[in-house]
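Asks: Sharing a structure below in structure tokens format, with a few things to ask.
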Amino acid sequence: MFLRNCWYVAAWSEEVTRTPLARTFLGMPTMLYRAEDGEAVALEDRCCHRNLPLSMGKIEGSDVRCGYHGLKFDRTGRCIEIPGQPQIPPDAKVMRFALVERWGLVWIWPGDPAKADETLLPRWHYLTEPGWSVIKGNDAAPVAMKCNWELNNDNLLDLSHVTYVHPKTLGAHGADQYPVQTDRRPRSVRMIRWMPNVPPIPMWAKYLSSAGNVDRWQITEAELPGHCTVDAGFAPAGESTIDNLREDSPRIRVLLTATPETESTSYLFYAQIRNFGVEDAAFTDRFRRDSRGVFDEDVVILEAQQRANDAMPDAPTIDIRFDAPHLAMRRLVREFAEREKS
Amino acid sequence: MFLRNCWYVAAWSEEVTRTPLARTFLGMPTMLYRAEDGEAVALEDRCCHRNLPLSMGKIEGSDVRCGYHGLKFDRTGRCIEIPGQPQIPPDAKVMRFALVERWGLVWIWPGDPAKADETLLPRWHYLTEPGWSVIKGNDAAPVAMKCNWELNNDNLLDLSHVTYVHPKTLGAHGADQYPVQTDRRPRSVRMIRWMPNVPPIPMWAKYLSSAGNVDRWQITEAELPGHCTVDAGFAPAGESTIDNLREDSPRIRVLLTATPETESTSYLFYAQIRNFGVEDAAFTDRFRRDSRGVFDEDVVILEAQQRANDAMPDAPTIDIRFDAPHLAMRRLVREFAEREKS
Amino acid sequence: MFLRNCWYVAAWSEEVTRTPLARTFLGMPTMLYRAEDGEAVALEDRCCHRNLPLSMGKIEGSDVRCGYHGLKFDRTGRCIEIPGQPQIPPDAKVMRFALVERWGLVWIWPGDPAKADETLLPRWHYLTEPGWSVIKGNDAAPVAMKCNWELNNDNLLDLSHVTYVHPKTLGAHGADQYPVQTDRRPRSVRMIRWMPNVPPIPMWAKYLSSAGNVDRWQITEAELPGHCTVDAGFAPAGESTIDNLREDSPRIRVLLTATPETESTSYLFYAQIRNFGVEDAAFTDRFRRDSRGVFDEDVVILEAQQRANDAMPDAPTIDIRFDAPHLAMRRLVREFAEREKS
């Protein structure tokens, strides 16, 4: 079950070069490369003659030449040369996918290119905005996860898992004792947890303007299809409310998205950004190291869950209170999937 | 094709500890652990919330807590805590399997716990009885076999294979020249071979009360579903008959059972016991080394047979005289399988 | 889709010895061995009793004894001994395949032995003829290819691939600029390319009787089912025509055949022969090294094509002019497959 008419992260900008990059999105082998003028291009990774992946061929200028019999395709996917014959049949072409490059990421629209709409990108502008320190996850490469992409939405829309999955890395901070709210929006779902008047996390405390207790929050927004922004922050107790958060408080945003490779594998792209200690290189290094450890822990869980789901597809399950946000998101995904069919 | 309402060996007692042990029995992922009071417990290895294997969680007292969102289950499989909510829905539970621990082995009953009947255990009391030296196969761990469990019954109910599979380890002793009898019982089948008035096996001869020829025997009893006891012994020629074997003769019993993991994989548990040279540590060491070699040879054959069966499921086969015992056992298994359906 | 009533290369002669060799042809596990008198034998690799591969047994004289319960089969596949019983049932037998050993190769006929016809062997007599230097590919062993056997025919009937697949090993010599002819014959297809009045390949030039330009040719003949002979040669310009090639010109013939193991795997056997520089050992060594590199390049392409075909079985493809020979061959194979059914 895939949504086609929406944006997915295909790659970090620095991964797309003058050498072909082969990835599979939503089950479709795809080749990414950069044209002579720097434009990122995504073509079906299959010569329309005898199926050899075009990514095994060579980039010539802004075109790609197949490595088997030399057919050449331009960046629109049109065949422009067939060795040994002057005529090029009209169906000599491969699919070309809509792409947009924004905030250091290359986004692909696997569905109808005519419907590609840049206003539907998640608002991940922080990635290139001054005032934020950005750590690109996994050294600006995706993590290959052996699990369905929606398990990542489920995971991030229920942060009570932090207590049990990340006790050694993020700490078992008792967030699972606070209720959550579910905020349903037209193309996204938000999970909101408000923890008022609690001690600050020691490591972060020095970045606060005043000593004493704080109000803490955890907010995950999952935008269609699976772009999750986790906002974890705190402010001196009593100075903000959940509806009026101080943007200048010490604030961490984690941006995560699982791009489906197949029904049971996906590419996890993530970044961690923060607005405090931005110049503190040692702090940044520690964050980088720590965040790798955290996401590795998540991947272990999600892959085990996928294996269990595959082995026991009909096993009865129960839902709990904390499931409300991710169940809302699953419904939203299915609503849009229905719309795509009609 | 599995029988559910019967006992299987799940583990050696020493394998079940305060740390979860994950095994799959008859296709069902299962978690084994030991409660605070020492009781061995077997639960479905799947949290009823989001399917994560419970074996990835933590033992707390006599309970287990899921490693994803912290649901806690007691040893009966009932959920007793859901973080973030006071009510526990009545269907918040996982399967619990009947277990019994006997003779250093943990036995599991994968079917209806109400029908679990300890009188149906095979009589493997020798394992903890004085007067017998016991060698636990594979250092008290199962051998992971890539074959269906019934191939092990077939193998042991036709010991003519010894001549061809084990010529270097057990010796090609010509047993395949003696006929066998088949003894059909309500829940077992016995294969009996009597070899009268033959020279003794040199290594064992010194344990005999008198010199000269012996009567040798090979008896395999396979009890449902696949608990095989191989009795190999001898006595001074003329002193016993097949119906009246001297228990005090030098006697080896090999206990073997293949617990099905899936249709095409199984756990082979085995032990070798003997009533002679019990105090002879060097003799015991040699037995241990030799028996490992012998069972490794069997596993090579059974796995090759499984691959061939899979590749050529409809290949025509013939039966021979020596097949009578294992064909009787296969019929018995199918009779009980039919009974389970009705 | 396999043709059964035709010859396939099963092995190089030196591979078939007094020790069993297990191979699978057209999905059928097969055991090859040499009888006491030197005859090469191919039997179904499966004991008709309990399916153990006979190749795990022992050769005794000209017979083979199963390694499980000792059934013995003669070279015709008839069971001639069953331990423990005097009578041998008439259906105690395994398939025996027709074999012929010719030119250092063992050829198998997987279909009806009564139809095996040696006149249908390809004319690969060069392999043992004086005046030719022979390099047995891959040191006289097959290359295990993870692709369907017909992809090899396709590859060799369109040598325009040389420019794109082998630019570093064979050179991008522009052959793809010359048209090809397709010659359809009753049991084969020929692809013919004539390149008149071109400079000779430098390495070969010294073997020519005169300096100056040459006429070059590439001819692939694919004989049913997949025996391909590639004839690449040249002669002083104007001295020959495509219909009248000088046999004494410097001439290379590459003999290749992909024997199907399964629908998606095959054994590639190949040899390279030439009639010039026959005594030049350094030249032969260089040829041996180079040809290994060339065929490795082909295997990479064919395996990638197989993966793509498997992943996208319904992807639309186009045909180009150079496809005419291999499309003719595919039609021929299908014609004979239809005939086999009726």
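Asks: Would you say B:A282 is over 17 Å from B:L255 (Cβ atoms) and not in a helix (DSSP H, G or I)?
Replies: So B:A282 does not fit the description; no.
Asks: Something else: Quick one: in segment C:4-41, of everything that is among the β-branched types (V, I, T) and more than 14 Å from C:P113 (Cβ to Cβ), which residue is nearest to the chain's Cα centre (by Cα)?
Replies: For segment C:4-41, the residue satisfying everything is C:V9.
Asks: Take residues that are within 30 Å of A:G27 (Cβ to Cβ) and tell me which of the strands (runs of 3 or more DSSP E) falling wholly in segment A:124-236 contain 3 or more.
Replies: Qualifying strands (runs of 3 or more DSSP E): A:143-145, A:188-198, A:214-223, A:227-236.
Asks: Can you name every residue in segment B:287-342 that is β-branched (V, I, T) and over 19 Å from the mean Cα position of the chain (by Cα)?
Replies: Scanning segment B:287-342 gives B:T317, B:I318, B:I320.
Asks: Of all residues being in contact with a helix residue (DSSP H, G or I) (Cβ under 8 Å, 6 or more places away or on another chain) and closer than 22 Å to A:M312 by Cβ in segment B:3-26, which is surrounded by the fewest Cβ atoms within 10 Å (Cβ to Cβ)? Just the residue, please.
Replies: Selected residue: B:A22.
Asks: Conditions first: (1) basic (K, R); (2) touching a Cys at 6+ places or on another chain (Cβ under 8 Å); (3) free of Cβ contacts under 8 Å to residues at least 40 places away in the same chain. C:K93 passes all but one, so which condition is the exception?
Replies: Result: C:K93 fails condition (3) only.
Asks: Could you check how many residues of segment C:36-54 are without any contact (Cβ under 8 Å) to a residue 40 or more places away in the chain, more than 25 Å from B:D314 (Cβ to Cβ) and not acidic (D, E)?
Replies: 1
Asks: Of the residues A:T284, A:T241, which is under 17 Å from A:V134 (Cα atoms) and more than 20 Å from the chain's Cα centre (by Cα)?
Replies: The unique qualifying residue is A:T284.
Asks: Write out, first by first residue and then by second, each pair whose Cβ atoms fall under 8 Å of each other, whose residues are 6+ apart or on separate chains, and whose first residue, in segment B:254-269, is modelled with pLDDT of 95 or more while the second is part of a strand (DSSP E or B) and among the charged types (D, E, K, R).
Replies: Going by the 8 Å Cβ cut-off, the qualifying pairs are B:E261/B:R23; B:Y267/B:R23; B:Y267/B:E261.
Asks: Which residues, counting only those in segment B:78-97, are in contact with a strand residue (DSSP E or B) (Cβ under 7 Å, 6 or more places away or on another chain) and either of a type in the set (V, I, T) or buried (at least 19 other Cβ atoms within 10 Å of the Cβ) (or both)?
Replies: B:C79, B:I80, B:I88, B:A92, B:K93, B:V94, B:F97
Asks: Right, something else. Got a number for residues in segment B:102-117 being part of a helix (DSSP H, G or I) and touching a residue at least 60 places away in the same chain (Cβ under 8 Å)?
Replies: So the count comes out to 1.
Asks: Take segment C:86-101 and flag every residue that is within 12 Å of chain B (Cβ to nearest Cβ) and either in contact with a Pro (Cβ under 9 Å, 6 or more places away or on another chain) or part of a loop (DSSP other than H, G, I, E, B) (or both).
Replies: Selection gives C:P86, C:Q87, C:I88, C:P89, C:P90, C:D91, C:A92, C:V94, C:M95.
Asks: Consider B:K115 carefully, then state whether it is basic (K, R) and not assigned by TED's automatic domain parsing to the domain that holds B:V333.
Replies: It is true that B:K115 is basic (K, R) and not assigned by TED's automatic domain parsing to the domain that holds B:V333.
Asks: Could you tell me how many of the residues in segment A:39-61 are at the interface with chain C (Cβ under 7 Å from one of its Cβ atoms) and not in a loop (DSSP other than H, G, I, E, B)?
Replies: Counting residues in segment A:39-61 that are at the interface with chain C (Cβ under 7 Å from one of its Cβ atoms) and not in a loop (DSSP other than H, G, I, E, B) gives 1.
Asks: Out of the residues in segment B:300-331 meeting the condition of being in contact with a Leu (Cβ under 7 Å, 6 or more places away or on another chain) and in contact (Cβ under 8 Å) with a residue 24 or more places away in the chain, tell me which one is farthest from the other protein chains (Cβ to nearest Cβ).
Replies: Per the criteria, the residue is B:M329.
Asks: Kindly evaluate A:V64 against the criterion of being aliphatic (A, V, I, L, M), closer than 26 Å to C:D314 by Cβ, within 14 Å of another protein chain (Cβ to nearest Cβ) and in a strand (DSSP E or B).
Replies: yes
Asks: Checking the conditions here, which among A:Y164, A:Y126 is among the aromatic types (F, W, Y) and without any contact (Cβ under 8 Å) to a residue 60 or more places away in the chain?
Replies: A:Y164 is the lone residue from the list that is among the aromatic types (F, W, Y) and without any contact (Cβ under 8 Å) to a residue 60 or more places away in the chain.
Asks: Can you pull out the residues in segment C:10-35 that are touching a residue at least 60 places away in the same chain (Cβ under 8 Å) and part of a strand (DSSP E or B)?
Replies: C:A10, C:A11, C:W12, C:R23, C:T24, C:F25, C:M28, C:T30, C:L32
Asks: Every residue in segment B:138-163 that is under 30 Å from B:A282 (Cα atoms), surrounded by fewer than 22 Cβ atoms within 10 Å (Cβ to Cβ) and not aliphatic (A, V, I, L, M), please.
Replies: B:N138, B:D139, B:T163
Asks: Out of all the residues in segment B:253-260, is one or more among the hydroxyl-bearing types (S, T, Y), under 25 Å from B:C147 (Cβ atoms) and buried (at least 19 other Cβ atoms within 10 Å of the Cβ)?
Replies: yes
Asks: Considering only residues that are modelled with pLDDT under 90, more than 22 Å from A:I242 (Cβ to Cβ) and within 13 Å of another protein chain (Cβ to nearest Cβ), which ones fall in segment A:154-189?
Replies: Of everything in segment A:154-189, those that are modelled with pLDDT under 90, more than 22 Å from A:I242 (Cβ to Cβ) and within 13 Å of another protein chain (Cβ to nearest Cβ) turn out to be A:P167, A:K168, A:A172.
Asks: Scan segment A:237-275 for residues that are assigned to a strand (DSSP E or B) and of a type outside the set (A, V, I, L, M) and report the count.
Replies: Counting residues in segment A:237-275 that are assigned to a strand (DSSP E or B) and of a type outside the set (A, V, I, L, M) gives 16.
Asks: If you check C:F283 against the conditions, is it surrounded by 21 or more Cβ atoms within 10 Å (Cβ to Cβ), among the aromatic types (F, W, Y) and under 21 Å from C:H166 (Cβ atoms)?
Replies: no
Asks: Next up: Taking the conditions exactly as written (of a type in the set (F, W, Y) and surrounded by fewer than 19 Cβ atoms within 10 Å (Cβ to Cβ)), does B:F269 satisfy them or not?
Replies: Spelling it out, it is not the case that B:F269 is of a type in the set (F, W, Y) and surrounded by fewer than 19 Cβ atoms within 10 Å (Cβ to Cβ).
Asks: Can C:R75 be described as at the interface with chain B (Cβ under 10 Å from one of its Cβ atoms), part of a loop (DSSP other than H, G, I, E, B) and on the phi < 0 side of the Ramachandran plot?
Replies: no
Asks: Same structure, new question: Using the structure shown, decide if B:L105 is outside the structural domain of B:V299 (by TED's automatic domain parsing) and surrounded by 16 or more Cβ atoms within 10 Å (Cβ to Cβ).
Replies: Yes, satisfied.
Asks: Sticking with this one: Given the criterion within 13 Å of chain C (Cβ to nearest Cβ), under 20 Å from the mean Cα position of the chain (by Cα) and farther than 23 Å from B:D248 by Cβ, identify the matching residue among B:L151, B:L120.
Replies: Exactly one of B:L151, B:L120 is within 13 Å of chain C (Cβ to nearest Cβ), under 20 Å from the mean Cα position of the chain (by Cα) and farther than 23 Å from B:D248 by Cβ, namely B:L151.
The values are calculated or read from the model by the stated rules, or taken from the named source; none is laboratory data. This is a predicted model, so every value here is computed, not measured. Reconstructed Cβ throughout: ideal geometry from the backbone, glycine too, with neighbour counts over all protein chains shown.
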